[in-house]
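One structure is given here, and the rest of the page talks about it.
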Amino acid sequence: MERFGFVGLPNSGKSSLYNALAGGGALAAPYAFATTDPNVGVAKVPDRRLDLLAEMSQSKKVVPASVQFVDIGGLVEGASTGEGLGNQFLAHIREVDTVVFLLRAFVDSDVPGPDDPLECLRVLEIELALADLETVESRVEKRRKAAKQDKSLTELVEALDAAHELLAEGTPIYRGSLTADQRTVLKEEFLLTNKPVLALVNVGEGDLERIPEIIAPVEAELAGQAEVIGMCVQLEAEAAQFTGSERLEMLDALGLGEGGLERFIHAAYHLMGLRTYLTTGEKESRAWTFRAGYKAPQCAGVIHSDFERGFIRAEVIHWDELLELGSWNKAKDVGKLRVEGKDYEVADGDVLEFRFNV
């Protein structure tokens, strides 16, 4: 399961966001390092397509896709040299697939810490860049020596040199000029700033209508190199304590509309390069997670390795076309099911049945 980690200064709202997603369980307190060990939870990925297909098929069971999220202790200026939780904090970040920067924009005199999201972003980026710079400096010469014997390492050395140049200027890798191939090569080095980033600006309860204005400077600073979302995490956490119609009533009462959590989860999910295909029937309707670019056999392997090993073909129809026809059997009767082979690249929202033999 893919993991995204919440990274922010103390009191930025990380634990409240965790509680909003998990329905409680993390200590959210107005002092630094209330979270020392990471809290780990699982969030279901809301998907109206799945709900509609389950209703069509009258499925007894509905299984949505899910992602894992990690509430990591607050980062402070100097973390790269051991301040605060220091290396323990940085090690937790290395273990996640995507980094979510929690940037505080709410004003509260009872809660210490900066409330300028750009200042929060500056501290987070410089500390992670400094930590990466130390990592690169400790490894590049070893890799360079090894490359004299093993020419396959030449590309890695060149990527490390390019990363060093960026990091020495305080620029995170994800905001630099490295090529996609260089960033791919560097993945084996587990650098903190070589991960996809989503910036979540946490606004005050009275600033919901000003969200576009508040997040605009962050969007301008990141210039499309990271997705930016604004929400009031505290209100979302309060609404998340309710379910079903009660939650909808709570969201409406708080002025949150449909809420920001679903938008956040979908943004994080897609930022990881994750997509969803669906299966549906009377027994079960399920959303299956795959990586963008997967071919049909790889997607079959998400269900079971035997499906991939013995893959013969896939029967495919897009979810909205199937819904319009009303049933899988109807789609088959009117010839709307496509038969695809091993070279078919599965699209987000495809509904699939696999044929295999082992």
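What number comes out for the charge environment of ALA146, summing +1 per Lys or Arg and -1 per Asp or Glu over other residues with Cβ under 15 Å away?
After counting each charged neighbour, the total is 0.
Using 1/(1 + (r/R0)^6) with R0 = 51 angstrom and r between the beta carbons of GLU282 and PHE190, what's the FRET efficiency to the nearest 0.05?
Efficiency for this residue pair is about 0.70.
I'd like the Karplus ³J(HN,Hα) series for the stretch 299-311: coefficients 6.51, -1.76, 1.60, θ = phi - 60°, whole numbers in Hz, and an x wherever there's a Gly or Pro.
Values, residue by residue: 5, 4, x, 5, 6, 6, 4, 4, 5, 6, 5, x, 4 Hz.
Give me the Kirkwood hydrodynamic radius of the stretch 293-356, using the inverse of the mean 1/r over all pairs of distinct Cα atoms, in Å to one decimal.
When all Cα pairs of the stretch 293-356 are included, the Kirkwood radius is 11.9 Å.
Considering Cα pairs under 8 angstrom that are at least six residues apart, work out the relative contact order of the chain and quote it in whole percent.
Worked out over the chain, it gives 19 percent.
Convert 10 °C to kelvin, take the viscosity as 1.306 mPa s, use the Kirkwood radius over C-alpha pairs of the chain as Rh, and evaluate the Stokes-Einstein diffusion coefficient in µm²/s, rounded to a whole number.
Taking Rh from Cα pairs, D becomes 71 µm²/s.
Name the long-range amide H neighbours of PHE311: under 5 Å, sequence gap of 5 or more, or other chain; modelled H, no Pro or chain starts.
Residues meeting the criterion, in which the H sits 1.01 Å from N, are ASN357.
Anyone know which of VAL100, VAL70, VAL185 comes out most mobile in the 10 Å Cα GNM of the chain?
Most flexible of the set in this elastic network: VAL185.
Take the cross-link list LYS142/LYS295; LYS195/LYS332; LYS44/LYS330; LYS60/LYS330; LYS142/LYS342; LYS61/LYS342 and give me the ones stretching past 32 Å between alpha-carbons.
Those over the limit are LYS142/LYS295; LYS195/LYS332; LYS142/LYS342.
Using only Cα atoms, figure out Rg for the stretch 102-218 and give it as a multiple of 2.2 N^0.38 Å.
That works out to 1.36 for the stretch 102-218.
Using the Cβ atoms and a cut-off under 14 Å, what net charge is assigned to the surroundings of HIS270, where Lys and Arg are +1 and Asp and Glu are -1?
Combined, the nearby Lys, Arg, Asp and Glu give -3.
Each residue of the stretch 328-334 in order: what ³J(HN,Hα) in whole Hz does its phi give by Karplus 6.51 cos²θ - 1.76 cosθ + 1.60, θ = phi - 60°, with x for Gly and Pro?
Working through the residues one at a time gives 5, 5, 5, 4, 5, 4, 8 Hz.
Report the GluC sites (Glu not before Pro) located in the stretch 241-280 that are in a DSSP loop and have at most 12 other Cβ atoms inside 10 Å of their Cβ, or state none.
Here the sparse-neighbourhood loop sites are GLU258.
For the stretch 314-358, give the magnitude of the charge dipole about the Cα centre (Cβ charges: +1 Lys/Arg, -1 Asp/Glu; no others), in debye to the nearest 20.
Computed charge dipole of the stretch 314-358: roughly 280 debye.
Tell me, what HN-Hα J-couplings in whole Hz come from the Karplus equation 6.51 cos²θ - 1.76 cosθ + 1.60 at θ = phi - 60° for each residue of the stretch 44-50, using x for Gly and Pro?
6, 8, x, 8, 4, 4, 5
Roughly how many Å is it from the Cα centre of the stretch 177-209 to that of the stretch 274-314, as a whole number?
Cα centroid to Cα centroid, the span is 28 Å.
Looking at the stretch 97-205, which GluC sites (Glu not before Pro) are DSSP coil and have at most 14 other C-beta atoms within 10 Å of their C-beta?
Passing both the DSSP loop test and the Cβ count: GLU169.
State the extension gain, in nm to one decimal, for the chain segment bounded by ASP306 and ARG139, taking 0.36 nm per residue of separation less the distance between their alpha-carbons.
56.1 nm
For every other residue with a beta carbon closer than 10 angstrom to the beta carbon of VAL351, add +1 if it is Lys or Arg and -1 if Asp or Glu, then tell me the sum.
-4
Quick check: residue separation of ARG94 and ALA220 times 0.36 nm, minus the Cα distance between them. What number comes out in nm?
42.7 nm
When the helix-only estimate is applied to the chain (DSSP H runs of n ≥ 4, each -39,500 (n - 2.57), divided by the residue count), what is the mean residue ellipticity at 222 nm, nearest 500 deg cm²/dmol?
-12500 deg cm²/dmol
To the nearest 20 Debye, how big is the dipole of the chain about its Cα centre, given +1 on the beta carbon of each Lys and Arg and -1 on that of each Asp and Glu?
The dipole magnitude comes to about 1720 debye.
What is the gain in length, in nm to one decimal, between GLU324 and LEU118 on full extension, counting 0.36 nm per residue of separation less the C-alpha to C-alpha distance?
Answer, rounded to one decimal: 69.5 nm.
Just so you know, all these numbers are worked out from the coordinates, no wet-lab data involved. As the structure is a computational prediction, the values presented were derived from the model and not from experiment. Virtual Cβ from ideal backbone geometry, glycine too; neighbours counted across all protein chains shown.
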